[in-house]
Amino acid sequence: MKRVIGFALFFTGVGMVIALIAPKCLVVALIAAICLFIGYNLFCCL
């Protein structure tokens with residue numbers, strides 16, 4: 001289950017980064033980076 005959640009979070013982050021070609025808000029960019037980091041760790045490291 002952790003891999004599925006990690007996969008979903010990782011690609012949520014990827015989608016947010018793609019949507020933020022020109023970041024307008026630092027908070028949204030920070031949330032995208034956190035999603036990518038947590039998703040990668042859940043999917044690959046555990």
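Every read-out reported here was derived from the displayed coordinates using simple, explicitly stated rules and does not represent laboratory data. Note that the coordinates shown come from a computational prediction; the quantities given were computed from them, not determined experimentally. All Cβ positions, glycine included, derive from the backbone under ideal geometry; neighbour counts span all protein chains shown.
Residue pairs whose Cβ atoms lie under 9 Å apart, separated by 6 or more positions or on different chains, with the first residue in region 22-44 and surrounded by 16 or more Cβ atoms within 10 Å (Cβ to Cβ) and the second in a loop (DSSP other than H, G, I, E, B), are Ala32/Leu20; Ala32/Pro23. Out of region 1-19, which residues are surrounded by 14 or more Cβ atoms within 10 Å (Cβ to Cβ) and not aromatic (Phe, Trp, Tyr)? Result: Gly6, Ala8, Leu9, Thr12, Gly13, Val14, Met16, Val17.
From the list Ala29, Ala33, the one residue that fits, being under 8 Å from the mean Cα position of the chain (by Cα) and of a type in the set (Gly, Ala, Ser), is Ala33.
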